[in-house]
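What follows is calculated from the coordinates using simple rules that are stated; it is not laboratory data. In this text, all values refer to a predicted model and were calculated from it rather than measured experimentally. When we count neighbours, we look across all protein chains shown, and the Cβ atoms used for this are built from the backbone with ideal geometry, even at glycine.
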Amino acid sequence: MARHGENIRKRKDGRWEGRYKVFHKEKNKYIYRSVYGHVYEDVKEKLYRAKSELMFRHTERKTMPITAGSSDSSLEMSRIILFSETAEEWLKKIAEQRKYSTYIKYSTVYKNHIFPIIGSCLLSSMDTQILQEKIFDHMAQNKLSESLKKSICCIINQVLDFANKKYFVQVSLIEKKFIKTKKKNTQTLSRGEQARLLGSIYQKMDKFKIAVLLCLYTGLRLGELCSLQWKDFDFKGMTLTVNRTVQRIAMQDEISKTILLETEPKSESSKRIIPLNVEIMNLICRLRTDQIYVFGSDRPLEPRTMQYQFKKMLKKAEVEDEDKSFHILRHTFATNCIENEMDVKSLSEILGHSDVKITLNRYVHPTMHAKKKQMKKLLDFYGQICGFATGKKDVICTKFGNFAE
């Protein structure tokens, strides 16, 4: 609780505010500045640091003027501003300029993994090496995923870049090279697994099985699939238009609660038109109703429900479901397309990628069957060479005899 004389109060928005006096030379009078936080103890610490820094400045740098709008003013401000305050300013900009889901992701990562470690550090005294050591120690102790590690570094660097431009502090950014990305194991269903899954699907069809088939034929993301509406299908032109997605995210200031949020697709290139074949169009027609959503009703299908149904299908088909999320269907689709000699540019556009490199590096996983097929082609190639050399076609040397013998 705040004590009398501390000049700390709780605001109507739920935050705590601490105020302190600063002498403004240009105005020739004292003005108030504030520090903010969601917890009383944090504000008390910020206020103590701010006052201590102010006393240090008055003792060591009495002659430096504070002129509003100048770089000196920004430099002075940086000496009494914590990393957490700058991060909150940056998050406000993210909330205004980016998708709500992006803001929630950044905000959650910041609150859980950045604020507790470096939130109380002053901008003016931040040392990159010490900063990296603190962050990477936290990562190691909590055994965070590679993806989360990258997100933490990305957020810290963006906040520091924001601070550098606003307060001229020139703090070096964190080097991401210390994060080693481990290559994941095969991320597709094998031919045998696909055969068992398809066999199980065709035994007794329902909307969830048709949804899985649609993904195997189009490579749709889970959120894109769950948000499909009947108006997205052109039954005459036999195409599907992707222009929305759905995901479950935490509500702002209520991290324990979530909502199902429908938004635009992941990126601009994710808005795309996908051609469909006759079989999948016939299956989709079986589901046609007066409801808005194809696999939902008057609202999108819950992604977690689709994921649960997919796991049930894998179990029934006797396919090992450990580490197999719904997204494996997208990887399987991409790999099957390449093995059937689809050109990479067409595949990249169907998947909604902005660059063919993403398609090749992340979504195509050559199988042993595909590798053997390509190696077998060398037999015909060398046979043609031998044919040209001897004047006979389709000839290859058999000096060492037949392998089967």
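Which pairs, out of Lys266/Lys315; Lys236/Lys345; Lys105/Lys316; Lys10/Lys93, put more than 27 Å between their alpha-carbon atoms?
Distance filter (> 27 Å) returns Lys266/Lys315; Lys105/Lys316.
Using the Cβ-Cβ distance between Lys373 and Arg304 with R0 = 41 Å, the FRET efficiency computed as 1/(1 + (r/R0)^6) comes to roughly 0.60. Simple spin-label estimate for Thr239 and Lys271 gives 1.4 nm between the two label positions (7 Å along the Cα-to-Cβ direction from each Cα).
The modelled label-to-label distance between Lys143 and Glu262, using points 7 Å beyond Cα along the C-beta direction, is 4.0 nm. A simple spin-label model places pseudo-atoms 7 Å from Cα toward Cβ; at Trp230 and Asp290 they are separated by 0.9 nm.
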